[in-house]
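Each reported figure results from applying straightforward, stated rules to the coordinates on display, with no laboratory input. Treat the numbers as computed from the prediction; the structure is a model and nothing was measured. Here the Cβ positions follow ideal geometry from the backbone for every residue, glycine too, while neighbour counts run over all protein chains shown.
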Amino acid sequence: MSQDPLNSPEHELFRETVRRFTEEELRPRAREFDEMGRFDTSLFKKMGDLGMLGLRYDPKYGGAGLDWSYSAVMFEELGRADNAGVTMGISVHTDMATPSLAEFGSEELKQQFLVPSIAGDMLSAIAVTEPDAGSDVSGIRTRAVRDGDEWVINGSKIYITNAATADWLCLLAVTNPDAGYGGFTQIIVPTDAPGFRYELLDKIGNWGSDTGQLFFEDVRVPVANTIGEIGRGFQQQMMQFQDERLVACVSAIAGSSMLWEETRSWAEERILFGKPLSKMQNTQFKMVELYTQLTAAKELVNTCVRKRVAGEDATNLITMAKLFCGGVCRRVADECIQFHGGYGYMKESMAGRAFVDSRLISIGGGSDETMLFYMAKQLGF
């Protein structure tokens, strides 16, 4: 039999590395990061030293040159960090902001921004969503106008993870308003550029990473900061979205599985009407249903990962996985907080935090409705 591309001895060795990092560096400080409203960025240097920030990137730039299966292993373990905000902040850096730079960036840009990002010396963010353009990326209005050898950028972005901690942004801007989908360009914007500022937003969950609104007022950056071709930004961004969605599914299902395990332990210890909650048929039936849904979701996600490893187009499956996993994680969180009763409503409760954190899965990275829209088109409706 051929070896499963997701479970080789090499994968298990890497899993042990990530698990140790998660158990030693993230889980003990999970509540601290929630209170901070962001995570300690010095952790990125530790992750860089462990080779966790450039798994699929060329070793020439400090990457590991591995395939997508190692990203799946890493985010399965990070998803069990008991802090969805931290996991999201990491994924923004590794699978949202840096992929286009690694794939399409010039040698100069890679040396200036990708190498230190893989090493953990720089943190990045993706700047796409705007107040009037979320899942419909084509509606963005932030403009970049060429002035000689510089772009002059004006506009705003919103709901941007790592807004306060990023050293640079992968910005999607309109560079030709008359060119339709050919009028967008990806541009690297250092966050110390004059005219750039941010304001933090107050979220209901995912407290371990900062989120903010970005403002660009005559921000000037070199045209050389363009990622790939001028006018190809929309297409480059769409390619990146698939990995973003798949990473989100991997980590979300891992976190929900951990919540299921914690809830089972709680139910075994919680005495109600003279017997453990776990011995009540209602509890057993609901827990089995949740387990079945989690198993189905994980198998769908693993199929997507295997297709990515094989170099096959997984767009439709990833779209379905994003839709399905969002619903499963929300159901798991809702049922588990109910099992925990009053304690589940406390911020310190894993179930309580999961209840608010899981709601984002069906919104960020493309809403459920957007996934349905894409699939309806694919099915010929």
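Candidates Leu53, Ala119, Ala333 compared by Cα position along the dipole of the chain: farthest toward the positive end lies Ala333, with charges placed on Cβ. In terms of Cα atoms, the Rg and Dmax of the chain work out to 21.0, 78 Å. Straight distance only, please: which lysines reach the Cα of Lys45 with their own Cα at less than 20 Å, same-chain residues fewer than 8 apart left out? Straight-distance partners of Lys45: Lys60, Lys110.
For Leu55, Leu372, Leu43, what's the fewest-to-most ordering of other Cβ within 10 Å of each Cβ? List each step's numbers first, then the result.
On the way: Leu55 22, Leu372 14, Leu43 18.
Ascending Cβ contact count within 10 Å gives the list Leu372, Leu43, Leu55.
The P(r) of the range 125-231 has a tail past 18 Å containing 44 percent of all C-alpha pairs.
Tell me which chymotrypsin sites (Phe, Trp or Tyr not before Pro) from the range 237-324 have a DSSP coil assignment and no more than 10 other beta carbons within 10 Å of their own. Mind dumping the intermediate values first?
Details: sites: Phe241, Trp260, Trp266, Phe273, Phe285, Tyr291, Phe324; in loops: Phe273.
Those satisfying the criteria are Phe273.
Residues whose amide H falls under 5 Å from that of Ser106, counting only those 5 or more places apart or on a different chain, are Gly228, with hydrogens built in the peptide plane. Treating each Cα of the range 235-378 as an identical point scatterer and ignoring solvent, apply the Debye formula and state log10 I(q)/I(0) at q = 0.13, 0.17, 0.19, 0.22 Å⁻¹. Taking Cα atoms of the range 235-378 as identical point scatterers yields -0.60, -0.90, -1.04, -1.28. Helical content alone sets the calculated 222 nm signal of the chain at -14500 deg cm²/dmol, taking -39,500 (n - 2.57) per DSSP H segment of four or more residues and averaging over every residue.
What's the exposure ranking of Met74, Met375, going from fewest to most Cβ atoms within 10 Å? Before the final figure, lay out each step's value.
Working: Met74 30, Met375 14.
Ascending number of Cβ neighbours within 10 Å: Met375, Met74.
Judged by a Cβ-Cβ distance under 4.7 Å, the unpaired cysteines of the chain are Cys170, Cys304, Cys329, Cys336.
Near Leu172, within a Cβ-to-Cβ distance under 12 Å, what is the net charge of the other residues, with Lys and Arg +1 and Asp and Glu -1? Write down the numbers at each step before the final one.
Details: positive: Arg141, Arg143, Lys157, Arg232; negative: Glu130.
Around Leu172, the charge tally is +3.
Exposure proxy ranking for Thr263, Thr211, based on other Cβ atoms within 10 angstrom of each Cβ and starting from the fewest, stands as Thr211, Thr263.
Based on alpha-carbon centroids, what's the gap between the range 116-162 and the range 173-239 in Å, whole number please? Value for the Cα centre distance between the two parts: 1 Å. Provide the net charge surrounding Lys157, with neighbours chosen by a C-beta distance below 15 Å and charges set as Lys +1, Arg +1, Asp -1, Glu -1. Summing Lys and Arg as +1 and Asp and Glu as -1 gives -3.
Quick one: grab the alpha carbon gyration tensor of the range 1-114, order the square roots of its eigenvalues as a ≥ b ≥ c, and give me rounded if a/c is under 1.5, else prolate or oblate depending on whether a/b is larger than b/c. Walk me through the numbers before you get to the answer.
Numbers: a/c = 2.10, a/b = 1.11, b/c = 1.89.
Oblate shape, in that a/c is at least 1.5 and b/c is the bigger or equal ratio.
For the range 125-231, relative contact order (Cα pairs under 8 Å, six or more residues apart, normalised by length) works out to 31 percent.
The residues packed around Phe113, meaning those with a beta-carbon under 11 Å from its beta-carbon, carry a net charge of -2 if Lys and Arg are +1 and Asp and Glu are -1.
Within the listed set Arg80, Arg270, Arg245, the residue fluctuating most in the Gaussian network model of the chain (springs between alpha-carbon atoms under 10 angstrom) is Arg270. Legend: residue pairs Lys286/Lys307; Lys298/Lys322; Lys46/Lys322; Lys157/Lys298; Lys157/Lys203, Cα-Cα distance threshold 22 Å; pairs beyond threshold, Lys286/Lys307; Lys46/Lys322; Lys157/Lys298. Taking the longest Cα principal axis of the chain as reference, the axis of helix 315-340 is set at about 40 degrees.
In the elastic network of the chain, a GNM with C-alpha springs shorter than 10 Å, the most mobile of Ala179, Ala224, Ala84 is Ala179.
Think of each Lys and Arg Cβ as +1 and each Asp and Glu Cβ as -1; about the Cα centre, that makes the dipole of the chain roughly 940 debye.
Taking amide H as placed 1.01 Å from N in the peptide plane, the amide H of Val219 sits under 5 Å from that of Ile153, each at least 5 places away or on another chain.
To the nearest ten degrees, helix 9-21 and the longest principal axis of the Cα atoms of the chain are 90 degrees apart.
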